[in-house]
1. Here are some residues: A:168, A:146, A:152, A:138. Which one is at the interface with chain B (Cβ under 7 Å from one of its Cβ atoms), touching a residue at least 40 places away in the same chain (Cβ under 8 Å) and either charged (D, E, K, R) or surrounded by fewer than 19 Cβ atoms within 10 Å (Cβ to Cβ) (or both)?
2. For region B:321-342, what are the residues that are on the phi > 0 side of the Ramachandran plot and modelled with pLDDT of 70 or more?
3. Being aromatic (Phe, Trp, Tyr) and either more than 24 Å from residue B:330 (Cα to Cα) or without any contact (Cβ under 8 Å) to a residue 40 or more places away in the chain (or both) is the filter here, so list the residues in region B:1-36 that pass it.
4. Tell me yes or no: at least one residue of region B:55-62 is open to solvent by less than 40 Å² (accessible area, probe 1.4 Å), closer than 16 Å to residue B:108 by Cα and in a helix (DSSP H, G or I).
5. Within region A:182-195, identify whether any single residue is modelled with pLDDT of 90 or more, in a strand (DSSP E or B) and either open to solvent by 30 Å² or more (accessible area, probe 1.4 Å) or not acidic (Asp, Glu) (or both), and answer yes or no.
6. Mind checking which residues of region A:199-215 are in contact (Cβ under 8 Å) with a residue 12 or more places away in the chain, open to solvent by 50 Å² or more (accessible area, probe 1.4 Å) and not in a loop (DSSP other than H, G, I, E, B)?
7. Give the residue, chosen from B:190, B:180, that is in contact (Cβ under 8 Å) with a residue 40 or more places away in the chain, within 14 Å of chain A (Cβ to nearest Cβ) and either buried (at least 24 other Cβ atoms within 10 Å of the Cβ) or over 15 Å from residue A:102 (Cα atoms) (or both).
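The values are calculated or read from the model by the stated rules, or taken from the named source; none is laboratory data. Bear in mind the structure is a predicted one, so any value in this text is a computation, not a measurement. FYI the Cβ positions are ideal-geometry reconstructions off the backbone, even for glycines, and counts take in every protein chain you see. Just the protein is used for accessible areas: all its heavy atoms, side chains included, with ligands, DNA and RNA removed. Shrake-Rupley method; radii C 1.70, N 1.55, O 1.52, S 1.80 Å.
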Amino acid sequence: MAILEISELTHFFGGLRAVYDLNMTLEGGELMGLIGPNGAGKTTVFNLVSGFYRPSEGDVKFCGKSIAGLRPHQVTALGIARTFQNIRLWNSLSVFDNLCVSQHHQLGYGFLKSVLRTRSFHSSERKVRKTAEEIIDLLGIRHYALELPKNLPYGLQRRVEIGRALCLRPKLLMLDEPAAGMNPGEVDQLIKLIRWIRDEFKLTIWLIEHHMRVVMNVCDRMKVIEFGEEIAEGTPSEIQQNRRVIQAYLGEEEPVHAHGM
Amino acid sequence: MRRNIPLLGYVILCALTIVLAKADILDLYVQMILMFIGISIILATSLNLVNGYMGEFSVGHAGFMAVGAYITSVLNVMLFTNSSIFGPPLLSPSSAIIFFPLTLLAGGIGAALAGLLVAIPSFRTRGDYLAIITLAVNYIVKSSIENMQVIGGARGFSGMSSVINSMKEVVDLPWTLIWILIATGATVWILQRFVSSIYGKGIIALRDDEIAAEIMSVNTQRMKVVAFMLSSGLAGIAGGLFAHVLGYINPGTFTIMKSTEVLVMVYLGGMGSLSGSVLSAIGLTIALEAFRPLQVYKWVIVPLLLILLMLFRPEGLMGQRELTDVFPRLRRWLGLKPKLSE
């Protein structure tokens, strides 16, 4: 069953057309890639899906239900979690607290109960802490649980950010350039981690990536966009051969040659 | 029962203070300072919620204090005293002893509603721009009261001392002091529980990265409303108590000067540290009393302290840490749980 359906998605920033007539479908359990040159509108697509922008036109359906126009925390509560291109952890909360606060929508208590500390308060806090500790152990970051994220090396911060998204128990996990700024060793670990997460948590992963090694090794299928429009879709090997994709990334071939075609 | 040690300690301390006050061992002057300390603690910790934990810059705390002060005072004077404005009391003056906490709460609720004036704009704007809005709200409150002739306008409003006196006639105890001690304890208790819950940590997430907070399922608009209303509501209660300590209030008391005084306490103690705010509220109130012989020069010395603080310790005395972080043993003595299960 299709978990995410994007139909005729279009978005303008003032006069700039950032995304135009994008259609795509993500099947459950799939590992989908979204690639394209810088400024192609990839992150904008993520921001449109996660509710950060309201699409100018078109619709986004998650599990058959339209989510266009919902506020981000509502979209998240439905089961879409994401990470960010530039790591956005909460730096004055410990790693553990980062993982707890990201389950805010599952707390099920409000201000009054947080002060009165009723039985339901304790049981829901326990549940949230338990989930956070499970994720911490699964990702092998217990040693750093009480550290502040800003004190951790870059690769670990990425891992924590993915952990924070996993705490939401999402059906769809969107990763925005998870390998950005990583050294080759960290990239290898990341590739393993992404695959392992998909199998362990049985979720759908959609990722934006520039790192070809990650994309080619991880994705089942990918979509390529340029100037907000789709230029290709297919398996990694198909995309590698696609002429328009090569053009988009490497520029036009020699004019003389092009004329000959 | 171990975890109630802080509460138990505070109750014993309060009981001791009241007994000493009743026995005249603490004279009226010392009692007065204790009451101002309590009010300062409420103001500083509640402002810390917005300026420290949530990372906004509110400079209009005195405005909310004024709302609470006037609502509580007007209600009490109208209900329990024979005043020239409102005529004979609506209820028997002796019932003030029961209704006082309710009118205090009414002042707090009124101030919390006034807090919406800042909370709603905060959905769209933040930082410097929101600071200007808080300043504007402070002036709106002050000027509105100045123009309400029914409650004295710029001349001020009085009659609260007879409310306190009628409470003393029923049971002869230092009632204002008692209510200030209760309100101070309750404020710190409420705020501590709020900010240490996962729900309350949502406002710290909001300070660190609002976009990430919203996308990671924190309902940022609701958290802002809760934080601003809680902060201004507590300031309103502090205002109500303040009015009953002095027995007379006028709008000129609740200007940006007063807001600044509270700001100094928050920054001196450390943003995002409740124990820091408590310590600096105590310290600064005593220091201001000690500087009293210097008269207006104390307003030269206090800002000078602030300059030195910003130069040499910009994070304040405690930074973002609490006393239990500075002295980890306190956690065990106070019977607090470890942060992570082993």
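1. A:146
2. Result: no residue meets the conditions.
3. Those that are aromatic (Phe, Trp, Tyr) and either more than 24 Å from residue B:330 (Cα to Cα) or without any contact (Cβ under 8 Å) to a residue 40 or more places away in the chain (or both): B:29, B:36.
4. Yes: region B:55-62 contains one or more residues that are open to solvent by less than 40 Å² (accessible area, probe 1.4 Å), closer than 16 Å to residue B:108 by Cα and in a helix (DSSP H, G or I).
5. no
6. Once the filter is applied, which keeps residues that are in contact (Cβ under 8 Å) with a residue 12 or more places away in the chain, open to solvent by 50 Å² or more (accessible area, probe 1.4 Å) and not in a loop (DSSP other than H, G, I, E, B), region A:199-215 yields A:200, A:213.
7. Going through B:190, B:180 in turn, just one is in contact (Cβ under 8 Å) with a residue 40 or more places away in the chain, within 14 Å of chain A (Cβ to nearest Cβ) and either buried (at least 24 other Cβ atoms within 10 Å of the Cβ) or over 15 Å from residue A:102 (Cα atoms) (or both): B:190.
Residue by residue, here is whether (1) touching a residue at least 40 places away in the same chain (Cβ under 8 Å); (2) surrounded by fewer than 21 Cβ atoms within 10 Å (Cβ to Cβ) holds:
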{"residue": "B:118", "(1), (2)": "yes, no"}
{"residue": "B:124", "(1), (2)": "no, yes"}
{"residue": "B:135", "(1), (2)": "yes, yes"}
{"residue": "B:138", "(1), (2)": "yes, no"}
{"residue": "B:148", "(1), (2)": "no, yes"}
